[in-house]
Amino acid sequence: MKTLTVSVVTPDGPVLEDSFEMVSCRAENGEIGVLPGHIPMVAPLTVGAVRLKNDSNAEQMLFVNGGFLEVRPDNVTILAQSAEVPGDIDVERAKQAKQRAERRLQAQQDDLDHKRAELALKRAMNRLDIAK
Ligand code: ATP
């Protein structure tokens with residue numbers, strides 16, 4: 001069975017490098033599923049979960065804070081500002097980030113602060129969802 005080498009890299013260093021049979025992630029213009037042999041492409045990712053399937057069809061998830069997906073026939077690289085595997089997600093920290101963002105969204109703010117709070121809320125909610 002053919003596999004893909006998947007590397008997830010952040011400014012703090014590599015987060016994951018392993019072989020998988022399928023990668024799916026949310027790009028800015030929709031969900032992308034990548035199997036071995038996929039045509040080369042590059043796509044911007046949104047904040048959310050990357051799903052990885054191994055050869056026994058077990059699914060593993062990973063949080064990515066946006067970034068870029070680079071696909072080649074036998075490997076996939078994800079470059080993200082931050083990324084965590086479920087075991088590295090600090091649930092208490094994400095809960096606090098969620099509460100902070102919700103408080104900011106309730107307060108009167110300019111558009112930029114509102115947008116920032118929305119993005120922080122999205123990161124926190126996705127982290128909590130993936131850590132479950
Ligand atoms: P916070 O407000 O808690 O810092 P954030 O969403 O603003 O959250 P990021 O800017 O996405 O944080 O990430 C900054 C660094 O902190 C990255 O290295 C990221 O992996 C790490 N990080 C952020 N939140 C968590 C978390 N809940 N668990 C583990 N690592 C986290």
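The values are calculated or read from the model by the stated rules, or taken from the named source; none is laboratory data. These figures come from a predicted structure and were not determined experimentally. Every residue, glycine as well, gets a Cβ built from its backbone with ideal geometry; the counts of neighbours run over all protein chains shown. All accessible areas refer to the heavy atoms of the entire protein, side chains included, with ligands and DNA or RNA removed. Shrake-Rupley method; radii C 1.70, N 1.55, O 1.52, S 1.80 Å.
Brief remarks on what is shown
- Each of 23, 124, 80 was placed along the dipole of the chain (beta-carbon charges, centred on the mean Cα), and the one lying farthest toward the positive end is 124.
- Label zone at residue 19, where the point sits 7 Å out along the Cα-to-Cβ direction: the range 52-96 residues whose backbone N lies under 16 Å: 53-58, 73-76
- Helix 91-106 and the longest principal axis of the C-alpha atoms of the chain enclose an angle of approximately 50°.
- Residue of 11, 36, 86 that the Gaussian network model of the chain assigns the largest fluctuation, springs spanning Cα pairs under 10 Å: 11
- The range 72-132: proportion of alpha-carbon pairs further apart than 16 angstrom, %: 53 percent
- Here, the chain yields an orientationally averaged convex hull projection of 8.5 nm² when only Cα atoms define the hull.
- Portion, in percent, of the accessible area of the chain that falls on carbon or sulfur, probe 1.4 Å: 47 percent
- Accessible area expressed per residue, the chain, with surrounding protein chains retained (probe 1.4 Å, Å²): 61 Å²
- Percent RCO, i.e. relative contact order, over the range 68-132, from Cα pairs under 8 Å lying at least 6 residues apart: 35 percent
- Centroid-to-centroid, using Cα positions, the range 95-132 and the range 1-47 are 26 Å apart.
- When only Cα pairs below 8 angstrom with a gap of at least 6 residues are kept, the chain shows a relative contact order of 23 percent.
- Where GluC sites (Glu not before Pro) fall in DSSP loop in the range 1-69, at most 10 other Cβ within 10 Å: 28
- Across the range 60-100, C-alpha contacts under 8 Å between residues 6 or more apart give a mean separation that, scaled by the residue count, equals a relative contact order of 38 percent.
- Alpha-carbon Rg with Dmax, taken over the range 1-57, Å: 11.7, 33
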